[in-house]
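This report concerns only the one structure given below.
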Amino acid sequence: MSEVIDILKDLISRPSVTPEDAGCQEFMADYLKASGFDIESMVFDDTTNMWARKGKEGPVFCFAGHTDVVPTGPLDKWHTPPFEPTEINGYLHGRGTADMKGSLAAMLVATRRFVEKHPDHKGSIAFLITSDEEGPFINGTTRVIDTLEARNEKITWALVGEPSSTHKVGDVIKNGRRGSLSGDLIVKGVQGHVAYPHLATNPVHLAAPALTELSQIQWDKGNDYFPPTSFQISNINAGTGATNVVPGEMHVQFNFRYSTEVTAEILVERVHSILDAHGLDYDLDWTYNGLPFLTDKGLLVEAAVKAIEDTTHITPELLTTGGTSDGRFIAPTGAQVVELGPVNATIHKLNECIKMEDIELLTDMYEKILINLLAND
């Protein structure tokens, strides 16, 4: 058994469903101490975080990731127990194999190898690990970043180990992410009997034209790095469940995934202007989930591309598609941020698994990135 697979199995066996860490960070801390890292545990409410650093000087290269995993879903639908790592035909099965304990194992082993070969490396190496990335993301990476910023401790380059790959490990680097903005809308009407509509005000009828307009708008055309901004309604609810009652309220939830061509403030203003133009009586609460960010070509992107090419002989695509990640909390500090991790085909699914060979390749990529950025020779 290889070291990285052995570590991954240990991590998978720990049922760290958000916000539980289940001892994963303690295991990682013990491993990193052997390579000269100073460990700082940061616990905020229900969330355990770890900031580990080797070195006092800049530049600072940071591996960022999370030990928490999503719930398993129905256990009887799994081929194997989700927290009992099981090898099947070259794949390792278990919750968190791809998202993202495989990356954590690769980070640990790559760092140990690099430090052993380059004990006098430039700058510092750090780990920023949280246990709430899959949950409300309130007390995790964002709180750690606030702490680091307060003491002017800066990250130069951050590699987030999210499963970025599509078909083969390393075929995609995420060098940015769209912004995310959510709206929680209540359209008000007057409840009444469907047989007497003149004595009621149906919020569904009133809101439908406005929602149609919102869904058909071209908010922007995107740019070379980002697709056009997307508006999607995720939930609609109204009524008492009875067919003879006009509802008194309509509840609508929606989300924008937006490019750098617009701002959250512009989107908020346009939505309110449309709702107002339709004469709606409404309440609307906004949740700012994350700003868009982009790491254009530079030292980090170049180091990652070269590492992948040297390892797999493929040139990765640079994409900004997909959901959000904790990179959105790190990028505003001025750090260059990329995401590079395993194939994402089974993440959050039943029978999550990862090709064991891919974890070995990912470990080599991570080590080569460290060499490209911090090796003195």
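The values are calculated or read from the model by the stated rules, or taken from the named source; none is laboratory data. All values derive from a computational prediction rather than experimental measurement. For neighbour counting, all protein chains shown are included, and Cβ atoms are generated from backbone atoms with ideal geometry for every residue, glycine included. Heads up: the accessible areas ignore ligands, DNA and RNA and are worked out on the full protein's heavy atoms, side chains in. Shrake-Rupley method; radii C 1.70, N 1.55, O 1.52, S 1.80 Å.
Taking amide hydrogens as placed 1.01 Å from N in the peptide plane, the amide H of A158 sits under 5 Å from those of C62, Q336, V337, V338, each at least 5 positions away in sequence or on another chain. For a modelled paramagnetic label at H278, 7 Å from Cα along Cα-to-Cβ, the residues of the range 221-259 in reach, with backbone nitrogen under 15 Å, are 231-238, 249-255. Measure out, as a whole number of angstrom, how far apart the alpha-carbon centroids of the range 84-142 and the range 6-33 sit. Cα centroid of the range 84-142 versus Cα centroid of the range 6-33: 9 Å apart. Taken one residue at a time, the phi angles of the range 108-121 give Karplus couplings (6.51, -1.76, 1.60, θ = phi - 60°) of 4, 5, 4, 5, 4, 4, 5, 5, 5, 7, 9, x, 9, 4 Hz. Gly and Pro are set to x.
Would you kindly state how much longer the chain becomes between Q232 and H198 on full extension, computed as 0.36 nm times their sequence separation minus their alpha carbon distance, in nm to one decimal? Don't skip to the answer; put the middle values down first.
Values: separation 34, 0.36 × 34 = 12.24 nm, distance 3.23 nm.
Working it through step by step, the gained length comes to 9.0 nm.
D45 contributes about 130 Å² of solvent-accessible surface, heavy atoms of the protein only, 1.4 Å probe.
Springs between Cα atoms under 10 Å define the GNM used for the chain, and in it the highest mean-square fluctuation of H167, H205, H93 occurs at H205.
Helical content of the chain, expressed as a calculated mean residue ellipticity at 222 nm, amounts to -9000 deg cm²/dmol (DSSP H runs of 4 or more residues, -39,500 (n - 2.57) each, divided by residue number, nearest 500). Kindly flag which residue pairs out of K56/K297; K168/K349; K56/K174; K221/K368; K117/K168; K33/K297 have an alpha-carbon separation exceeding 25 Å in this structure. Flagged as over cut-off: K56/K297; K56/K174; K221/K368; K117/K168; K33/K297. Less than 5 angstrom separates the built amide H of V190 from those of T201, N202, all sequence-distant by 5 or more or on a different chain. Ignoring aspartates and glutamates fewer than eight residues from K154 along the same chain, the ones with Cα atoms less than 12 angstrom from its Cα are E57, D146.
Taking all protein chains as shown and a probe of 1.4 angstrom, Y288 keeps an accessible surface of around 130 Å².
Applying the Karplus relation 6.51 cos²θ - 1.76 cosθ + 1.60 with θ = phi - 60° to the range 188-193 yields 3J(HN,Hα) values of 9, x, 10, 5, x, 7 Hz, where x marks Gly and Pro. Compute the separation of the alpha-carbon centres of the range 232-280 and the range 45-64 and state it in Å as a whole number. Answer, in whole Å: 40. What aspartates and glutamates sit close enough to K188 to cross-link, taking a C-alpha to C-alpha distance under 16 Å and skipping anything fewer than 8 places away on the same chain? Correct list for K188: E249, D276, D281, D283, D285. In a GNM of the chain with a 10 Å cut-off on Cα contacts, which of R270, R112, R177 has the highest mean-square fluctuation? Among R270, R112, R177, the largest GNM mean-square fluctuation belongs to R270.
In terms of overall dimensions, the range 142-275 has a Cα radius of gyration and Dmax of 21.3, 66 angstrom. Taking θ as phi - 60° and the Karplus parameters 6.51, -1.76 and 1.60, the scalar couplings of the range 250-262 work out to 10, 10, 10, 10, 8, 9, 9, 10, 10, 8, 7, 7, 10 Hz in sequence order, x denoting glycine and proline.
Of L104, L159, L185, the residue with the greatest mean-square motion in the GNM of the chain, using alpha carbon springs below 10 Å, is L185.
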